[in-house]
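Notes follow once the structure below has been shown.
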Amino acid sequence: MTKLLVEVYARKDCSLCKLPKGCALCKQAKDIIDRVCTEIPFQFREVDIDLNDDLFRRYNSDIPTIFINGKKVFKFKVDENEFRKKVRKELIKAGLMKLWNKKQHYS
C-alpha cells in the first residue's frame, strides 16, 4: 500500500484567534486528521508558515490549509467525512498508478 502525505499549513503561534493554546480551527483540523489516521494509515506533517516568508505570504490568512499529496483539499474547516473520502480516493488512485506502472513494465 502506498502511504499518503497529509500536511497542515498553519502557525504555531496563531495570533488571529487570540487563544493561549493556539488556533481552535487548527486544533479541530488536527483532531479530525488524527482520528482518520487511526483508520487509514498516512504520513502527517505540520508546516509552520512562520518559518518561510513565501509560505507566510501565501497562507497567513488561510490557516489552516490542508494538503493531501501536495493537493490543497481544505481551508479553515475540515469536514471529517469528506477528508476520509479524499484520503481513500488518493489511496485508490496511487494503487492504480502502481498497478499501471507494473503492467507497463512487464508488457
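The values are calculated or read from the model by the stated rules, or taken from the named source; none is laboratory data. Note that this is a predicted model, so its numbers are computed, not measured. Ideal geometry is used to build each Cβ from the backbone, glycine not excepted, and the neighbour counts take in all protein chains shown.
Quick check on the stretch 59-70. Is at least one of its residues loosely packed, with under 13 Cβ neighbours inside 10 Å and at pLDDT 90 or above?
Among the residues of the stretch 59-70, at least one is loosely packed, with under 13 Cβ neighbours inside 10 Å and at pLDDT 90 or above, which makes the answer yes.
Among the residues of the stretch 71-96, which ones are of a type outside the set (D, E, K, R) and surrounded by fewer than 16 Cβ atoms within 10 Å (Cβ to Cβ)?
Within the stretch 71-96, PHE76, ASN81, ILE92, ALA94, GLY95, LEU96 qualify.
Do you know which residues across the stretch 34-92 are part of a loop (DSSP other than H, G, I, E, B), touching a strand residue (DSSP E or B) at 6+ places or on another chain (Cβ under 8 Å), closer than 13 Å to LEU4 by Cα and without any contact (Cβ under 8 Å) to a residue 60 or more places away in the chain?
Matches in the stretch 34-92: PHE42 only.
Please give the number of the condition LEU25 fails out of (1) at pLDDT 90 or above; (2) surrounded by 12 or more Cβ atoms within 10 Å (Cβ to Cβ).
(1)
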